[in-house]
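Peer 1: Just passing along the structure, written as structure tokens.
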Amino acid sequence: MNRLERNRVARRVAAVSHQRNGRHFVAVTLSATVLALLGPAISSQPSSASPSTRAEVAVLSTSAYGNVLVVGNGKLKGFPLYAFSGDAGGKIRCGTTRATGYDLGPDVNMPLTCTGPERDLLNGVKSDDWPAFTTIGKPLAGIGVSSRLLGTIVRAGIGAQVTYAGHPLYLFDPVSKPFTPQGEGYMETVKPLAPWHGYWYLVSTTGNDAPGRATLEQGTLPDGSNVLSVVMDANVSPLNATVYTFRRFQPHVSICDTKCSLTWIPVLTSSAPLTGKNVDPRLVGEVRLDNGAEQATYNGRPLFLYAKEKAFLTPAIQLKSSGTAGNGNGQSGSGAGTFETIPLR
């Protein structure tokens, strides 16, 4: 797993250290033979450990994201659970095909797969971007978790991946106190990012994404023009991702079918979005979707993210935070019409 980097663990060291560097997570363990120390919730067991009991899904109550799903038992207890925007429409798009993606560490662009078996996380395999949360037998529902929404899907080379409300669940970052989930709002669209064509979110007990409160900012396109954007990767390396609206949408109504929503992901928010420079708070609002989630709006128009949005690196090989490419501008959507950026003055 590329964010849980262990390739420098070759000799015995005196302590355990965890350090976040941009979008890269470094873990130094006590010895080369003790690779299972991922965080405070994991004891120093042999790296060959693998799930041997029914996995449990539990609930963590948070101030920023509400009630979210976490691992309820075992060596990964407390790890946040995530869903991917590209896993929809009856297809799973977070797969095991190898690609390359930006990873700030020894290899800026390293080979990786979107997912892999949970045992890889326990064994220190760094090439699985988002290891699948798996179970032996029917998963258990902790207090506050709907057993009706829990399920599994069997995937080749992975095992029985736990699902919730039909969403396959994934692992990314360890337990953190205070709760700062590094995978929430994570952007992985096209190169130089990991090219999975989507975004990652925590999962609420209702089965919807749990995005927290969106922040709308001014973003800058490569041509220097300013457009409306939303802050993504907020807990890792924040960047202003360009947002779009569809010309034919009626004010205060969000319409995007299943096929459309794989490419155009609603900008979700837990409450009225925050606003930054040159964003008029009087024009910011939200609209409730059919599933109960809240989508951010601007001047009455629902806002979307593009699944193939291009980000940039600075000369120092860091993500450029001021804005993305806006390369979704002019792309067609459902019916006659196009998605467009929103200019700011």
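The values are calculated or read from the model by the stated rules, or taken from the named source; none is laboratory data. These figures come from a predicted structure and were not determined experimentally. No Cβ is skipped: glycine too gets one built from the backbone with ideal geometry, and neighbour counts run over all protein chains shown. We work out accessible area using only protein heavy atoms, side chains counted, and drop any ligands, DNA or RNA first. Shrake-Rupley method; radii C 1.70, N 1.55, O 1.52, S 1.80 Å.
Peer 1: Modelled with pLDDT under 95, open to solvent by 30 Å² or more (accessible area, probe 1.4 Å) and in a strand (DSSP E or B) - does that describe any residue in region 244-260?
Peer 2: no
Peer 1: In the list L305, L289, L313, which residue meets the criterion of being out of contact with any Gly (no Cβ under 8 Å at 6 or more places or on another chain) and at pLDDT 95 or above?
Peer 2: L305
Peer 1: Return yes or no: is I265 modelled with pLDDT under 85 and either part of a loop (DSSP other than H, G, I, E, B) or of a type in the set (A, V, I, L, M, F, W, C) (or both)?
Peer 2: So I265 does not fit the description; no.
Peer 1: Something else about it: State all residues of region 307-345 that are within 17 Å of Q218 (Cα to Cα) and polar (S, T, N, Q); if no residue qualifies, say none.
Peer 2: Listed by number, the residues that qualify are S321, S322, T324, N327, N329, T341.
Peer 1: Has region 130-137 got at least one residue that is open to solvent by 10 Å² or more (accessible area, probe 1.4 Å), over 23 Å from P195 (Cα atoms) and over 19 Å from the mean Cα position of the chain (by Cα)?
Peer 2: Yes, there is a match, as at least one residue in region 130-137 is open to solvent by 10 Å² or more (accessible area, probe 1.4 Å), over 23 Å from P195 (Cα atoms) and over 19 Å from the mean Cα position of the chain (by Cα).
Peer 1: Oh, and also: Can you tell me how many residues in region 143-159 are polar (S, T, N, Q) and without any contact (Cβ under 8 Å) to a residue 12 or more places away in the chain?
Peer 2: Going through region 143-159 one residue at a time, the tally reaches 1.
Peer 1: What's the number of the condition L140 fails, among (1) closer than 29 Å to W264 by Cβ; (2) open to solvent by 10 Å² or more (accessible area, probe 1.4 Å); (3) touching a residue at least 60 places away in the same chain (Cβ under 8 Å)?
Peer 2: Tallying (1) closer than 29 Å to W264 by Cβ; (2) open to solvent by 10 Å² or more (accessible area, probe 1.4 Å); (3) touching a residue at least 60 places away in the same chain (Cβ under 8 Å), L140 fails exactly one: (1).
Peer 1: Would you check which residues across region 202-243 are more than 15 Å from Y298 (Cβ to Cβ), among the charged types (D, E, K, R) and touching a residue at least 40 places away in the same chain (Cβ under 8 Å) and list them?
Peer 2: Passing the criteria: D209, R213, D233.
Peer 1: Something else now. Consider R148 against the criteria (1) closer than 23 Å to G72 by Cβ; (2) in contact with a strand residue (DSSP E or B) (Cβ under 8 Å, 6 or more places away or on another chain): it satisfies all of them except one. Which criterion is unmet?
Peer 2: Result: R148 passes all but (2).
Peer 1: Identify the residue in region 199-227 that is surrounded by 24 or more Cβ atoms within 10 Å (Cβ to Cβ) and closer than 21 Å to K91 by Cα and, among all such residues, is nearest to the chain's Cα centre (by Cα).
Peer 2: W200
Peer 1: Looking at region 70-88, can you tell me whether even one residue there is in a strand (DSSP E or B) and open to solvent by 50 Å² or more (accessible area, probe 1.4 Å)? Let's see the steps before the verdict.
Peer 2: Within region 70-88, the first condition is being in a strand (DSSP E or B), and the residues that meet it are 70-71, 80, 82-84, 88.
Those left that are additionally open to solvent by 50 Å² or more (accessible area, probe 1.4 Å): none.
No, there is no match, as no residue in region 70-88 is in a strand (DSSP E or B) and open to solvent by 50 Å² or more (accessible area, probe 1.4 Å).
Peer 1: Among the residues of region 272-324, write down those that are in a strand (DSSP E or B), under 20 Å from F84 (Cβ atoms) and of a type in the set (S, T, Y).
Peer 2: Passing the criteria: only Y306.
Peer 1: Taking the stated definitions as given, is N240 of a type in the set (S, T, N, Q) and buried (at least 18 other Cβ atoms within 10 Å of the Cβ)?
Peer 2: yes
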